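None of the figures in this text is laboratory data; all of them are computed from the coordinates on show. These figures come from a predicted structure and were not determined experimentally. Cβ atoms come from the backbone with ideal geometry, glycine included; neighbour counts cover every protein chain shown.
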């Protein structure tokens, strides 16, 4: 499998997704925000849309092209994963409403999964989405009702950042300085989040028929 990965900021990289891709023996191609999007999508098995500092804006030429690309992968039934801004772009493609939150959700914050598991996860967003029609809610928090959802079998979206490990956080700190709301965490927490995240990704991929 070969994944197309869309980035929106040079400091927001794939994080621990690179480890998961390697474990699954998958390849990936990363497209930076200032690089042209590929026109031939036939050799991509799936799509990952990462986070970024901007908001969903269908009038923005680049984001408008990304929305069409996301729609293509969803309609084709190919694995489509969105994180933070990426999740919002997916939700918007599926007809969701996006609005500004009363207050931003930043730093290490608790969420509750659909099976009542409590997790402490990395957050950095000020917009939230409504649950798309026919989507299944997988996680919520007290400040943001839609933290994670699944659409059909092949679409997975998270408002939080399970891909950010300590290496990724150090890069964010080096880029954004005091504006970065996240600090490094103990190895046990880092590994527990990764274990849960990789299980979610494994279950997601197993559900999809290629």
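Inspection of the range 98-105 identifies no residue that is touching a residue at least 60 places away in the same chain (Cβ under 8 Å) and touching a strand residue (DSSP E or B) at 6+ places or on another chain (Cβ under 9 Å). Evaluate the following for residue 121: is it surrounded by 15 or more Cβ atoms within 10 Å (Cβ to Cβ), in contact with a strand residue (DSSP E or B) (Cβ under 6 Å, 6 or more places away or on another chain) and not in a helix (DSSP H, G or I)? Yes. Taken over the range 75-114, residues that are assigned to a loop (DSSP other than H, G, I, E, B) and more than 26 Å from residue 59 (Cβ to Cβ) amount to 4.
All conditions in (1) in contact with a helix residue (DSSP H, G or I) (Cβ under 7 Å, 6 or more places away or on another chain); (2) surrounded by 21 or more Cβ atoms within 10 Å (Cβ to Cβ); (3) not in a loop (DSSP other than H, G, I, E, B) hold for residue 15, with the sole exception of (3). Assuming residue 139 fulfils every condition listed in (1) assigned to a strand (DSSP E or B); (2) surrounded by 20 or more Cβ atoms within 10 Å (Cβ to Cβ); (3) in contact (Cβ under 8 Å) with a residue 40 or more places away in the chain apart from one, which condition is it? So residue 139 meets the others, but not (3).
Residues in the range 70-81 that are crowded, with 20+ Cβ neighbours inside 10 Å and touching a residue at least 24 places away in the same chain (Cβ under 8 Å) were compared, and the one that is farthest from residue 100 (Cα to Cα) is 78. Only one entry in 46, 82 is closer than 20 Å to residue 172 by Cβ and touching a strand residue (DSSP E or B) at 6+ places or on another chain (Cβ under 9 Å), namely 82. Residue 41 fulfils the conditions (1) in contact with a helix residue (DSSP H, G or I) (Cβ under 7 Å, 6 or more places away or on another chain); (2) part of a helix (DSSP H, G or I); (3) farther than 17 Å from residue 95 by Cα except for a single criterion, (2). Scan the range 184-210 for residues that are outside any helix (DSSP H, G or I), touching a residue at least 24 places away in the same chain (Cβ under 8 Å) and more than 23 Å from residue 45 (Cβ to Cβ) and the total you get is 1.
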